[in-house]
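Below: the structure, in structure tokens.
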Amino acid sequence: MKATGIVRRIDDLGRVVIPKEIRRTLRIKEGTPLEIFTDKEGEVILKKYSPIGELSVFAKEYAESLAQTTGMIACITDHDQVVAASGQGSRELMGKAISKELDRVITEREMKCYHTGERKILPLVENQKESSSELIVQPIICSGDAIGSVALVGKSAGERFGNSEQMLVKTAAGFLGRQMEQ
């Protein structure tokens, strides 16, 4: 574990404040769910909770199925990283931190399509080089909360996403959201 040199006291209600610097680095904001663990040495461990992470094996299989069906890269993310990715070129996305722009799309809870040559481009992950592919993103909604996204990356230059790709991504996000509710 990394020592920060910051010491905080527990208040009379058992609360402790996580320093702003740590919250910013780990992208923890108000309302972010945290898991609490203890270990044998008596350490208390806080970990960002990822509901999509609980479905990681299932999400991987779903991404593989989407990639096979469409011939594109399929990604499933939570609010922090790419949880599952499949398709040609997906290895460079797997496990990487999502971009702030993608996190904003997830928070807005609305499907977005980005086309080659448009001025406004959406990087999937942080520090992603210029994307030359079409992209479609659908947030995953579970119990009213936006918890992640399903994205398809691909299409040849000049081709646009059609209704069938939009429906596939929407169906995948809806299905994953309902799986989380169970």
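The values are calculated or read from the model by the stated rules, or taken from the named source; none is laboratory data. Every value quoted in this text rests on a predicted model; they were computed, and no experiment measured them. Using ideal geometry, Cβ is built from the backbone for each residue, glycine included, and neighbour counts are taken over all protein chains shown.
Per-residue answers, yes or no, for (1) polar (S, T, N, Q); (2) out of contact with any Lys or Arg (no Cβ under 6 Å at 6 or more places or on another chain); (3) farther than 19 Å from Ala67 by Cβ; (4) at pLDDT below 80:
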residue	(1), (2), (3), (4)
Lys129	no, yes, yes, yes
Leu135	no, yes, no, no
Ile141	no, yes, yes, no
Ala151	no, yes, no, no
Ala157	no, yes, yes, yes
Gln166	yes, yes, no, no
Thr171	yes, yes, no, no
Arg178	no, yes, yes, no
Gln182	yes, yes, yes, yes
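Among the residues of region 6-60, those that are under 29 Å from Ala74 (Cα atoms) and aliphatic (A, V, I, L, M) comprise Leu26, Ile28, Leu34, Ile52, Leu55, Val57, Ala59. With respect to (1) surrounded by fewer than 17 Cβ atoms within 10 Å (Cβ to Cβ); (2) touching a His at 6+ places or on another chain (Cβ under 7 Å), the lone exception for Glu92 is condition (2). When residues in region 24-83 are screened for being modelled with pLDDT of 85 or more, surrounded by fewer than 16 Cβ atoms within 10 Å (Cβ to Cβ), in the same structural domain as Met94 (by TED's automatic domain parsing) and among the β-branched types (Val, Ile, Thr), 1 of them pass.
Any idea which of Arg109, Arg91, Arg119 is charged (D, E, K, R) and either modelled with pLDDT of 90 or more or under 15 Å from the mean Cα position of the chain (by Cα) (or both)?
Details: Arg91 fails: either modelled with pLDDT of 90 or more or under 15 Å from the mean Cα position of the chain (by Cα) (or both); Arg119 fails: either modelled with pLDDT of 90 or more or under 15 Å from the mean Cα position of the chain (by Cα) (or both).
Going through Arg109, Arg91, Arg119 in turn, just one is charged (D, E, K, R) and either modelled with pLDDT of 90 or more or under 15 Å from the mean Cα position of the chain (by Cα) (or both): Arg109.
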